[in-house]
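The values are calculated or read from the model by the stated rules, or taken from the named source; none is laboratory data. Source: prediction; values computed, not measured. Cβ sites come from the backbone with ideal geometry, for glycine too, and all protein chains shown count toward neighbours.
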Amino acid sequence: MLVMPKFYDDFDSLQQVTLNLEFYIDVFACLFCSKSDQLVSHGFIFHRMNGEIVAITGKRILCCNRRGRSGCGRTFNLYLKEKQPRYVYSSAHINVFFLMLLAGHSIPKAYQIATGCYEPRNAYRWLESACLKLVEYRALLNEKTVKTIRTFEVRSLKFKILLSTLKALFSKLDGFPCASFQITTRQSFL
């Protein structure tokens, strides 16, 4: 049995999988109890801003334990590749933020360009999350060491290493690197 992919290219492919779960009994299993014949599509995940629904960003899957089913009753989420789970902003915003940092902008300026927000406190959270994912980034690069590029004028060595790794990663991945990373590795970019 395979683990169900967490990210999908577009809504149609996500919808095709979630509406036809009975055809994937031999392929996908629950993440928690490993049962494959109890999965049920359980609704949409919406991106909300200021109380208004902006777009559908994913679907929820239930390992059903009702009406004679013997699942564990837990749910898990499947997302479109543009969505960053647990973040308000999408992969495109995060992609622009890191590209602006790589272009030499300061952290507050890069965050302002990416999100339109002047308060950069979330930018530092994004950087910390990216530092925690550094091992996964380097694993995708298949390199033991990434040369630290001296052009980055950052005081912290860990941010210098992060930016050097991201530069190598972004040059390897095509299109939108954050979304490509999520599809390739089946885990969120941050």
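Of all residues in region 100-122, those satisfying the criterion of being loosely packed, with under 14 Cβ neighbours inside 10 Å and within 18 Å of Ser156 (Cα to Cα) are Ala103, Gly104, Arg121. Pairing each residue of region 155-168 that is farther than 12 Å from Lys133 by Cβ and aliphatic (A, V, I, L, M) with any residue that is at pLDDT 85 or above and crowded, with 18+ Cβ neighbours inside 10 Å, provided the two are 6+ apart or on different chains, yields C-beta distances under 7 Å for Leu163/Leu101; Leu163/Leu102. Among the residues of region 16-35, write down those that are surrounded by fewer than 14 Cβ atoms within 10 Å (Cβ to Cβ) and either touching a Pro at 6+ places or on another chain (Cβ under 6 Å) or under 15 Å from Lys59 (Cα atoms) (or both). Scanning region 16-35 gives Gln16, Leu19, Asn20.
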